[in-house]
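Notes follow the structure.
No value in this document is a laboratory result; all are computed from the given coordinates. The structure displayed is predicted, hence computed values, not measured ones. Here the Cβ is made from the backbone with ideal geometry for all residues, glycine too, and neighbour counts use every protein chain on show.
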Amino acid sequence: MDSNTIWGNVKSFFAEVGDMAYFAGRFFIEVFKSPFEFRELLRQCYNMGNRSLLLVSVTGFILGLVFTLQSRPTLMEFGAESWMPSMVSISIVREIGPVIIALICAGRIGSGIGAELGSMRVTEQIDAMEVSGTNPFKYLVVTRIVATTLMLPLLILIGDAIALFGSAIIENLKGEVSFLLYFNQVFDALTFADVIPATIKSFFFGFAIGLVGCYKGYYCSKGTVGVGEASNAAVVYTSMLLFVIDFIAVFAADIFYG
């Protein structure tokens, strides 16, 4: 790969970052303007929340089972199996739960948004809305980004709770720990310093999923081939952005809480 190709890829990357920043700026302008599409917003919240609930629940449950099964033998070697509820709860609530569930939702929701808006773009439905005097950005983009921003924290909260329940089942079967004792230790271990940063960054995760999915779908091109490319790019770009946001959130929380 010669230097011209590398320089061209770098310029293309920064150009797309600039376009996405402009797209985000336009969202923040449009979201506070009337009319407000409450009915479409509720429909999108239902589509993204209710239809992702089963996937998130199964993922969280398996996450709790596997994480506990993998961690228990190591803790038993040091005679520290009594720390299992504390270790699992802090790990899941702080980091593992939000990141894993956000990645699952990036594949489920982000790809769906990219494919849906991409199909509307290549079939000229968005152009028809602009000609008819409707604001497609307000109706299609703003509602979806707000819906993902609102629903992802709820999905992560549910997924974390189910993951802890799965962990409690393993501890009840393997260590003969009652559910009451397990969850007493869980709530004794968790503090606001664990819950608040995880909740705040989950809103940013939801915003990133909606923003990238809408951006890739709204500016889809190249006919029907572009729909698949938009859907695939939405998942890849969102996954990378989630890790960047997670690093920034963890770094900021470490500075704030010391």
Exclusive hit being more than 23 Å from the chain's Cα centre (by Cα), within 30 Å of PRO35 (Cβ to Cβ), of a type in the set (Val, Ile, Thr) and surrounded by fewer than 23 Cβ atoms within 10 Å (Cβ to Cβ), set THR149, THR123: THR123
Can you pull out the residues in segment 1-60 that are surrounded by 10 or more Cβ atoms within 10 Å (Cβ to Cβ), polar (S, T, N, Q) and under 28 Å from TYR139 (Cβ atoms)? GLN44, ASN47, ASN50, SER52
Hits in segment 61-92 - residues which are surrounded by fewer than 17 Cβ atoms within 10 Å (Cβ to Cβ) and among the charged types (D, E, K, R): GLU77
